[in-house]
1. Hey, any idea what Rg/Rh is for the stretch 2-77, computing Rh the Kirkwood way over Cα pairs?
2. Using Cα pairs closer than 8 Å and at least 6 residues apart in sequence, work out the relative contact order for the chain, in percent.
3. Just report the Cα centroid separation between the stretch 46-80 and the stretch 1-19, whole Å.
4. In which sequence would Arg70, Arg40 go, from the one with the fewest C-beta neighbours within 10 Å to the one with the most?
5. Within 10 Å, count the other beta carbons around each residue, average over each peptide in 75-81, 1-7, and list them highest first.
6. Treating only the Cα positions of the stretch 27-66 as identical point scatterers, give the base-10 log of I(q)/I(0) from the Debye formula at each q in 0.33 Å⁻¹.
Amino acid sequence: MNIYVGNLSYKMTDEDLEKLFKAFGSVSESKIVIDRETGRSKGFGFVEMPNQSEGDEAIKELDGKEIEGRNIKVNVAKPKEDRPRRTQRY
């Protein structure tokens, strides 16, 4: 199960994110999205949990929870093809 995690603190690391979700079960991958130009966190990331019920429990317990001073948003990640395309800025 691929999980989207938004409104993260810009200080949070991949390891911090993994630790947060490991409280609910097995985590196969955790990744904070980094801006290519600045090298800083974009404030969101993804967690892969192989067990569906553990992922569902993590979403239920963590969505809206305050972590490092921010109320995080947690839900099932939408596949890339399901998201609207952003228009290119000039």
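Derivation of every value follows stated rules applied to the coordinates shown; laboratory data play no part. It should be emphasised that the depicted structure is a prediction, and the values quoted were computed from it without experimental measurement. Virtual Cβ from ideal backbone geometry, glycine too; neighbours counted across all protein chains shown.
1. Details: Rg = 11.5 Å, Rh = 12.2 Å.
For the stretch 2-77, the value is 0.95.
2. Working: 154 pairs, mean separation 32.7, N = 90.
It rounds to 36 percent for the chain.
3. 9 Å
4. If I rank by nearby Cβ atoms, fewest first, I get Arg40, Arg70.
5. Values: 75-81: 9.7, 1-7: 17.9.
Ranking, from highest mean packing down: 1-7, 75-81.
6. Debye intensities relative to I(0), on a log10 scale: -1.06.
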